[in-house]
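Let me begin by presenting the structure, written as structure tokens, before commenting on it.
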Amino acid sequence: MRFALPALIVLALALPVQADTAADSATTALPSITVTQVVSRKLQDHVLASGLIGPVEQVMVPPLIEGQPIEVLNADVGDAVAKGQVLATLSTDTLTLQKSQLLASTASVQATIAQAQAQLTDAQSAAADAKRNADRSTQLFAQGLVASSANDQMQSALTSATARVTVASQTLEASHAQEKLVAAQMANIDLMLNRTQIVAPVAGIISARNAQLGAVASAAGQPLFVIIRDGALELRADVAEADLARVASGQTAMLTLAAGTDPIPGKVRLVEPTVDTASRLGRARIWIDTNPAVRSGMFAQADILITARTTLAVPVTSVGSEGDTSTVMVVKDGVVSRVAVKTGIRDGGWVEILSGLAVGDSIVAKAGAFVSDGDKINPVPAPAETN
């Protein structure tokens with residue numbers, strides 16, 4: 001048995017259903033726009049540069065004496081050498097002969113000194129006798145016991161004896177001076193003999209060898225050897241003028257060689273104080289950690305890490321512009337509003353927000369979406385990986 005419901009009750013039950021349907025229709029009519037949130041994220045600022053690898057310091061090894069042929073070669077290109085290691089030996093024949101001559105001169109000078117010393121002693125003895133005779137003659141002349149002519153002879157003898165002492169003394173001094181000269185010449189010969197051994201002034205790797213057996217050593221030509229001090233290499237990286245001010249010594253870098261090896265760590269050693277007027281490029285010198293794969297003259301690219309920090313970040317696609325001002329479309333309660341922001345680091349698909357937003361703010365994921373300031377939208381959360 002069925003009972004009919006009163007018309008008012010039926011109408012009351014139908015009204016809520018119609019209201020919900022109207023609300024859903026209104027929501028569906030709004031444009032669905034993907035939104036994302038402002039997050040705190042670690043961003044890194046990088047500068048890219050490239051250039052050629054070269055030695056930090058090259059040391060030239062010229063011959064320190066000239067005119068002597070090369071007799072022995074002990075090192076070649078690529079050899080690792082220690083400081084003081086003998087790299088080559090020059091002929092010593094000529095210098096040895098000169099040393100023999102100086103040894104003979106030394107003996108001669110020493111004989112001359114002995115003779116001059118004996119002459120001085122004899123002259124001093126004669127002068128002493130002449131002085132005693134002259135003094136006695138003076139006393140006797142004063143007493144009238146000696147004639148004037150005899151006294152004059154005694155005084156003349158004293159003068160002569162004194163002069164001979166002076167001459168003998170000067171001869172001895174000249175002989176000593178000659179001895180010092182020969183000794184200096186001997187020391188010079190010994191030094192030259194020592195320098196016939198070409199030694200490495202520093203430790204390192206030999207990068208060039210111009211020495212050839214039998215060639216006469218000359219400082220006017222190319223150095224006999226070129227050494228990379230301690231084997232240390234650096235990348236002389238060209239940096240764009242706009243990025244140069246951000247690069248500083250001490251910053252780390254990762255270097256990629258054209259050979260395709262694994263990235264090699266490095267560190268900015270210095271930034272040159274000039275910019276090339278033609279290319280408008282500056283130069284940073286990046287120290288390279290010791291690596292057998294690295295060779296002087298190689299081309300390499302450097303990724304210099306300027307800074308890394310945890311900061312507010314949004315996807316690059318969410319940032320637009322209005323004139324010279326960067327803007328982001330903020331969504332609050334389904335209403336879009338344009339907000340001016342100050343941006344900083346750009347790292348991959350993210351950009352740093354220095355001011356204008358806070359963590360958790362909801363923003364339009366793509367600034368190019370067809371929404372304007374004041375529009376109402378149906379926000380659709382972006383996929384988790386976009387955040």
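Val165: β-branched (Val, Ile, Thr), in the same structural domain as Ser108 (by TED's automatic domain parsing) and either closer than 17 Å to Ala118 by Cα or surrounded by 14 or more Cβ atoms within 10 Å (Cβ to Cβ) (or both), yes or no?
Values: β-branched (Val, Ile, Thr): yes; in the same structural domain as Ser108 (by TED's automatic domain parsing): yes; either closer than 17 Å to Ala118 by Cα or surrounded by 14 or more Cβ atoms within 10 Å (Cβ to Cβ) (or both): yes.
So Val165 passes the test.
Quick check: is even one residue across region 73-94 touching an Asp or Glu at 6+ places or on another chain (Cβ under 7 Å) and under 30 Å from Gly231 (Cβ atoms)? Spell out the reasoning first.
To start, the set of residues in region 73-94 that are touching an Asp or Glu at 6+ places or on another chain (Cβ under 7 Å) comprises 89-91.
If we keep only those that are under 30 Å from Gly231 (Cβ atoms) too, we end up with 89-90.
There is at least one residue in region 73-94 that is touching an Asp or Glu at 6+ places or on another chain (Cβ under 7 Å) and under 30 Å from Gly231 (Cβ atoms).
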Item to complete: Considering (1) out of contact with any strand residue (DSSP E or B) (no Cβ under 6 Å at 6 or more places or on another chain); (2) touching a residue at least 24 places away in the same chain (Cβ under 8 Å); (3) surrounded by 13 or more Cβ atoms within 10 Å (Cβ to Cβ), say which one Asn210 fails and leave the rest.
Response: (2)
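Among the listed residues Gln185, Gln170, identify the single one that is in contact (Cβ under 8 Å) with a residue 12 or more places away in the chain and surrounded by fewer than 17 Cβ atoms within 10 Å (Cβ to Cβ). If you could, list the steps in order and put the result at the bottom.
Details: Gln170 fails: in contact (Cβ under 8 Å) with a residue 12 or more places away in the chain.
Gln185 is the lone residue from the list that is in contact (Cβ under 8 Å) with a residue 12 or more places away in the chain and surrounded by fewer than 17 Cβ atoms within 10 Å (Cβ to Cβ).
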Item to complete: May I ask you to list the residues in region 27-54 that are assigned to a loop (DSSP other than H, G, I, E, B) and surrounded by fewer than 16 Cβ atoms within 10 Å (Cβ to Cβ)?
Response: Leu30, Pro31
Worksheet item: Among (1) over 30 Å from Pro63 (Cα atoms); (2) assigned to a helix (DSSP H, G or I), which single condition is Leu145 missing?
Response: (2)
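State whether the residues of region 195-209 include one that is out of contact with any Cys (no Cβ under 6 Å at 6 or more places or on another chain) and assigned to a helix (DSSP H, G or I). Explain how you work it out, then say what you get.
Going through region 195-209, the residues out of contact with any Cys (no Cβ under 6 Å at 6 or more places or on another chain) turn out to be 195-209.
This time we only want the ones that are assigned to a helix (DSSP H, G or I), so: 195.
Yes, region 195-209 has at least one match.
The values are calculated or read from the model by the stated rules, or taken from the named source; none is laboratory data. The shown structure was predicted, so the numbers you read here are calculated from the model rather than taken from an experiment. For neighbour counting, all protein chains shown are included, and Cβ atoms are generated from backbone atoms with ideal geometry for every residue, glycine included.
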